[in-house]
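Right, one structure below, let's go through it.
The values are calculated or read from the model by the stated rules, or taken from the named source; none is laboratory data. This structure is a prediction, so every number in the text was calculated from the model and none was measured. We place every Cβ from the backbone using ideal geometry, glycine too, and count neighbours over all the protein chains shown.
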Amino acid sequence: MNERTALVTGANKGIGKHIARLLAAEGLTVYMGSRDAERGRRAVEEIGAGARLLVLDVTDPDGIARAAAQVERLDVLVNNAGISPSLALPVDTAVEEYRRTYETNVFGVVAVTNAFLPALRRSPHPRIVNISSGTASLTWSTNPNPQFPPGSGGAAAYRSSKAALNALTVLYAQTLAEDGFKVNALAPGLRATDLNARAAAAGGDPAEAAQGALRLALLPDGGPTGGFFSWDGTSVPW
């Protein structure tokens, strides 16, 4: 089997859909993961050739297992699905919000990655891209930086979940390095998506961020692993 395949979770909208479009344009068969089958079908129709619907809720273990059973081999996994329920400070964030956010942004990534590892191991050049956030950088959060002025601790559930995702990126990269995997995290920047109100108002082009994900998805064998990169290819401090 020579045809390259990719799975993008949360691919029915936003950055995920743009990533799927770019991968399909590169000739890959792209499984577009979507919780909602109808929205997923519309996204698949929009992209056209190379796109395939894969109904996938990253918080549903049984659904993940069913989805994984449909994919024999996988060359690229893009863990894009994520949520940001609010911009609340940690002192104002209910424990339930943390649980719900981590269920998608952290546990969902672990569940999907582990379920699709057998398919990824059948690829000669397996790649995993975790869509993180610059707001997850502990360096930027703890040092003077115009992005995070003193006292800015908003979106606590989201930012801490992405910091956890960064840690997992390093651990997966170390664990899978001898098997030829490249596992990296991407900071896409603030984009005009419906992830949260601030992002929707920012106006940044999600297609631009998708280019960064494409770069990491198609890394050559000599490329980096266990890294954290901005959409433009520059390294982001942990």
Going through region 171-189 in order, the residues found to be closer than 17 Å to Gly222 by Cα and touching a residue at least 60 places away in the same chain (Cβ under 8 Å) are Phe181
Candidate set: region 137-170, residues that are loosely packed, with under 12 Cβ neighbours inside 10 Å and assigned to a helix (DSSP H, G or I); chosen: the one modelled with the highest pLDDT: Thr139
Of everything in region 186-238 that's exposed (fewer than 14 other Cβ atoms within 10 Å of the Cβ) and at positive phi, which residue is modelled with the highest pLDDT? Gly233
What are the residues in region 47-75 that are among the hydrophobic types (A, V, I, L, M, F, W, C) and part of a strand (DSSP E or B), if any? Ala51, Leu53, Leu54, Val55
Could you check, for region 116-130, whether at least one of its residues is in contact with a Pro (Cβ under 6 Å, 6 or more places away or on another chain), modelled with pLDDT of 95 or more, surrounded by 19 or more Cβ atoms within 10 Å (Cβ to Cβ) and closer than 24 Å to Leu28 by Cα? yes
Would region 76-99 turn up any residue that is in a helix (DSSP H, G or I), within 15 Å of the chain's Cα centre (by Cα) and surrounded by fewer than 17 Cβ atoms within 10 Å (Cβ to Cβ)? no
Only residues that are closer than 16 Å to Ser84 by Cβ and in a loop (DSSP other than H, G, I, E, B): list them for region 100-136, please. Ser132, Ser133
Within region 7-37, restricting to residues that are surrounded by fewer than 24 Cβ atoms within 10 Å (Cβ to Cβ) and under 18 Å from Arg66 (Cα atoms), the one that is nearest to the chain's Cα centre (by Cα) is Arg35
